[in-house]
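Every number here is computed from the coordinates shown, using simple stated rules; none is lab data. Since the structure is predicted, the reported quantities are computational estimates derived from the model, not experimental observations. Cβ atoms come from the backbone with ideal geometry, glycine included; neighbour counts cover every protein chain shown.
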Amino acid sequence: MRRGRARSIMIFRLTPGVRSVLGIAVLIASASSDGGAQEGATDPKSSPQAVTLKDLESVRIHAKLVTEMLTQREGRQGPATQETDWQIYMEPEGRVSFSFRPTTRTARGTRAGQIRATTAKLDEPWYTENGQAVWQFKDGELTFVRSYKDGAIRIIISLKQDGQNLACTATSAYAREQGKRGLVLNSPIDGVPVTILNWKQVSSSCQVTR
């Protein structure tokens, strides 16, 4: 386990529409994992096959991401833990139907937000109440990027296929524009502006069903 707060330079490769909203190509993000290579040799016979977009048609993905953060809200700072439950359905022709529901735990208690759902097409950004968002797929990774004031959030669903079986892992990264104090967004619980000062993903789960 690493000690201290690690920092890394993260480059979000976005479509021109989303990049224009951010106004930057490089964001400063907290490192959420060691990111090192796994030890030991890989058995060529058990190596996973590359996952294509065609493989994902009619697939359902259920992911949960838990992030610990320090936030500032209405002039007060404090720790918070946010769990986001994602339900993703891959339709034909690169369409993604998805919903998510955030639950936040603070010293004031636990509050769950409303379920938000929509359908989008890969590589076609759309506007949200905070900024723009886009789904992308490349090299077996389904990526969701959403821009906010002074930063962005990125969710990556990494998929692997072994024969007829699909497996996935989910990771998230909060990022702020270089030189900015924090990531400013409207709370997904009640819409009140919140500044996220630092963050760390603490757990995740991911399941795939056909």
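Listed values, structure above:
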item	result
Sole exception among (1) outside any strand (DSSP E or B); (2) without any contact (Cβ under 8 Å) to a residue 60 or more places away in the chain for Val184, by number	(1)
Filter result (under 22 Å from Arg108 (Cα atoms) and surrounded by fewer than 16 Cβ atoms within 10 Å (Cβ to Cβ)) within region 168-186	Asn186
Of all residues making up region 136-150, the number that are touching a residue at least 60 places away in the same chain (Cβ under 8 Å), over 13 Å from the mean Cα position of the chain (by Cα) and crowded, with 18+ Cβ neighbours inside 10 Å	2
The listed residue being within 17 Å of the chain's Cα centre (by Cα) and within 15 Å of Ile189 (Cα to Cα), out of Thr118, Thr104, Thr71	Thr104
Contacts under 9 angstrom Cβ, first residue in region 107-131 being surrounded by 13 or more Cβ atoms within 10 Å (Cβ to Cβ), partner basic (Lys, Arg) and assigned to a loop (DSSP other than H, G, I, E, B), 6 or more apart	none
Pair list, Cβ under 6 Å, 6 or more apart: region 159-181 residue more than 24 Å from Met90 (Cα to Cα), other residue of a type in the set (Phe, Trp, Tyr) and surrounded by 18 or more Cβ atoms within 10 Å (Cβ to Cβ)	Tyr174/Trp199
